[in-house]
Amino acid sequence: MEFPTVEQYYRRMFFLGLIVACLGVIGAVRVGHFLLDPPPWITPLPAEEEVVLVAERGNIYDCNGYLLSVSHTLANIDAAPQIVTDTETLADRLAPLLREPREKLLADLNSEAKHVRLARGVRWEVAREVFSWEMGGVTVEAWPGRVYPHDSLAANVLGFVNDKGEAFYGVEEHYDELLSGNPGSRKSGRDPIGSLFYQVEAAHHGAHLYLTLDRNVQHIVEEVLTAAVTGNEAMQGTAIVMEPQTGAILGMAVFPTYDPNTRAVDDFGLFVNSAISEHYEPGSVFKIVTVASGLDAGIISPASTYYDHGEIVVGGEPIRNSDNQAHGETTIRDLLAQSLNVGAAHISTMLGAFNFYEYVRRFGFNELTGVDLAEEVAGKVRFPGDRDWHESDLGTNSFGQGLAVTPLQMLGAVSAVANGGLLVRPHIVDRIVDGNITTEVAPEPLRRVISPEAAAQMTEMLVYAVDTVLSTASIPGYKVAGKSGTSQIPTIAGYHPEETITSFAGYAPAYSPRFAILVVIQRPSKERWGITAAGPAFRDIAERLLKLYAVPRDDAPTAMRLSGG
Amino acid sequence: MAGRRRAASGNGSASGRAISRHDSGEVIPRLSPDVGPWLYLLALFCLLGLVAFLYLRQTTSVVKLIEEMGYLEQQRRHLNWDNNALRLQIATRQSISRLQQEARAMGLGEAEHIEYVEVQWDEPVSPVDGAGSQHDLPTPRATFALPSWLRPLVQQFGAWASQDVQAAEQASR
C-alpha cells in the first residue's frame, strides 16, 4: 500500500475543507433565502400571531327547558362568477337549498361582476352542505348569529341580538355580559432567545339562562291578548302573569309585537317592552292600593260606611264618580265593587297626604321594581314637597289618575295584596347555568307593605267585587279577586274626551292564589271600559291557566263533602 | 522513493510535525497541531448544524401541532355548530304553533265547551272535615277483625309509621 505524501495530504485536506466551507456557505445562503422569502408550499411560521377564540353565547330556555333563544351559526354564500366553471350545475344544486329561483341564481352566476352574494344569513346546515361540495369560486363565510325558534313568542321579554352580536332589550341586554362569556386566544410568538412558543387560553362560553317564563303560559297570554286587542280594535295591549308569592314572571306579552329573527318593523317602538318601559294611568285598579292602605292604617273596615254625595272637593278640585251619581250611605266593600271615585278620595283624605303617599312609596311606585329586564323605568308620582304636587293630587291619585305607573309596578302591588302583604321583587330568570355551576335565583321579598289581616280583608272585598259587579272576570268553580280600571288619556289640553286605557288586575284562586294577572288594553275603539275590554281577557287567561296547571276548583271539596257526607 | 521519504522526514522534523514510522519502515503522516483550527472549524460546523437541525425540528413540530390544533378546533367548532343546528331543529319542531298546525292537520280541534262533573265518592275523602286533597284515595278497610288486645298496638304502629306522633301517643295510652 502506498501512503500519500505530506503535500498530497495537505492538498486533500484543503479541498475537503473547501467543500465543507462551500456547503456551509450554500446552506447559510439557502436558509437565509428561505427565511426572507419562504416558498409558497410552506406555511410561514406563525411568529407573533394571535387568534381570538370566539366564546359562544349562552342559550335561553323557559322554565321547562324549551329553547327560546339559541346561538346558531349563520353564513353568507358568495361566488366569483369568473372562477365558477359550471354555473348551470351550481344553480341547479343551490336553488332548492337556498329556496331561491334557479333563474335568479343563474343570472347572478353569469354576471360580469367579480363577486356576487348568493345568499345572506343562511343557517349552518345549509352552509355546511354548500361547503362540502368544495366547488371552486364559491365561498362560505360563517358568523355567529342568534335564532329564536318560536319566532315572535316572548319577543319583547327576550330582546334580540343583531348581526354584529350586540344585544338589545329584554333578557338579552340585561344579561349580555353573562350570556356573552369571555373570548379565549391562541398566541404564538418567540421568547427572548428566539424559540417559538405557543399559548392557548380557552374561551369561557356564555352561561345558559333558564327563565321563570313558561312557554305554554306565554302562548296563552299572547293568544288571548291578541284576540282582545284586535277584537276591541285597540292600539296596543300588555298582559303579565306573575306568581304572587315569589314574584316569578310566568308570562309577559305585548301586542303588537315583532319577530326577533327578522326584526322587520316600520316602527322601532315595537321593540320596547311596554310592561316595564312605558307608563300608563292605572285608573280604578289603583283603588286597590288606596283601600288596602286605609285598611292597614285601621281607619276603615270592609263594613264601615261613608256618605256618598256624588262629589267631593279635594284641594279645591271637585271629584265625581264616573257615573256622576250620588250613592248615599255606602260600605267600603261596595265602594270597591262599584268603583266609586268619591269614596276613594274620601279614604285618601282620611289618611292624609303623609300617610297616603307613604303607602304609595311602600307599594314601590316611586322606584324601579328591579326586575331583571333591560330598559325598565320607574313610575311618575308627584309627592308632597315636589314643586308640581298639588293638594288636589291627593284626591285624583286615590283613584289612579294624575300619576303614571308601569304595568309591572301595578301588578307587583296587586301581588303584595294577594300574598298577604309582602312586596316581592319580580324576576324573570330562574337559574343560571355557567359550565358546571348552577345558580338558583331565590325569590326576594322587599318589605311588608300591609298587614296579613288587611290583605285578607282586601281579598275578600275583591272577590265580592268580581262576584257582584265585575262578572266578566268570574270563572265558574273558582273564587277570583279582581278590579277593573278605566283611565282617560292625558293630552296637552287636558284629558282626551273619548280615548281610554282599560285594565283589569286580579288573582286566582283568590284564597290561595297561583297567578296574579294584569291586562292593559290601550285605546280600545269598541269597548271603552276596563270591565268589558280587559275583564274578559283576564278571565280567559286565568281560566286557561287554571286548567293548564290543574288547579283544584274552589267548590270541589264542598261538593264532595256534600255528596260524601 | 526512499529520497521522498527522507525529504518527508526532514520536513516533518523541521516544522515539528510528527511522522510515525510503521513497523515495515513506512512513514505515516500524523495530524500536526497546525491542522487543529481546521478541525475545530469542522466540529463547530457540525455543532451548529446539529443545533440548527434540532431548532428546525422543534419549530416544525410546533408548527405541525399548531396546524393540527387549528384543524381540531375547526372540527370541534363545526361539531358544535351541528349540535346547535340540531338543537334548533328540535326547538322548531317543538314549537307550539307547529304542534297546533299539525294537530289541526290531523283533524284535532280545540274543545268548544268544557263541562265539569262532580265525582261522587262512597265515603268522605278526608277524615278531618273534608280537608285534604281531593285526589286522596279512600283508606282501605281491614277485611278481618283483630283481637281487642292487638288493636291498640296495630293502631300505634300505624300512627308511628305515618309520623302522627299525637295519634301514636293517644294509642299508647
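Bear in mind these aren't lab numbers, they're just calculated from the coordinates by the rules spelled out. Bear in mind that the values here come from a model prediction, so they are computed numbers and not experimental data. Note: ideal-geometry Cβ built from the backbone for every residue, glycine included; neighbour counts use all protein chains shown.
List of remarks:
- Both numbers refer to the Cα atoms of segment A:276-410; Rg and Dmax are 14.7, 48 Å.
- Ordering of A:485-491, A:536-542, B:67-73 by burial proxy (mean other Cβ atoms within 10 Å per residue, highest first): A:536-542, A:485-491, B:67-73
- Chain A: Lys pairs at Cα distance under 30 angstrom, eight or more positions apart or on different chains: 16
- Computed on segment A:367-432, with alpha-carbon pairs under 8 angstrom and 6+ residues apart, the relative contact order is 40 percent.
- Divide the volume of the convex hull around the Cα atoms of chain A by the residue count and you get 296 Å³ per residue.
- Segment A:A227-A:V31, extension gain: residue separation times 0.36 nm, minus the distance between their alpha carbons: 62.7 nm
- Among the residues of A:67-73, the average count of other protein chain beta-carbon atoms within 10 Å of the residue beta-carbon is 5.
- Where labels lie 7 Å past Cα in the beta-carbon direction, separation of A:F197 and A:D388 in nm: 6.2 nm
- For segment A:132-239, the share of DSSP beta bridges that are antiparallel, to the nearest 5, is 100%.
- Relative contact order of chain A, defined on C-alpha pairs under 8 angstrom at six or more residues apart (%): 14 percent
- Largest-first ellipsoid semi-axes for segment A:274-318, taking √(5λ) over the Cα gyration tensor eigenvalues, angstrom: 25, 18, 9
- Here the contact order of segment A:189-284, divided by its residue count and restricted to Cα pairs under 8 Å and six or more residues apart, works out to 21 percent.
- Zone residues, segment A:61-85, relative to A:E141, backbone N less than 20 Å from point 7 Å out along Cα-to-Cβ: A:72-84
- Between A:C22 and A:E440, the simple label model (points 7 Å from Cα in the Cβ direction) yields a spacing of 8.4 nm.
- Neighbour-count order for A:T230, A:T500, fewest beta carbons within 10 angstrom listed first: A:T230, A:T500
- Listed by Cβ neighbour count within 10 Å, with the fewest neighbours leading, A:E243, A:E7 appear as A:E7, A:E243.
- Ordered by the count of other Cβ atoms within 10 Å of each Cβ, fewest first, B:K64, A:K479 give B:K64, A:K479.
- Evaluated at q = 0.10, 0.20, 0.21, 0.23 Å⁻¹: base-10 log I(q)/I(0), Debye formula over Cα of segment A:106-194: -0.50, -1.02, -1.06, -1.16
- Angle between chain A longest axis and helix A:341-362 axis [Cα atoms, degrees, rounded to 10]: 40 degrees
- Approximating the spin labels as points 7 Å out from Cα along Cα→Cβ, the A:E317-to-B:L72 distance works out to 7.3 nm.
- In terms of its C-alpha gyration tensor, segment A:435-523 comes out oblate, because a/c is 1.5 or above while a/b does not outweigh b/c.
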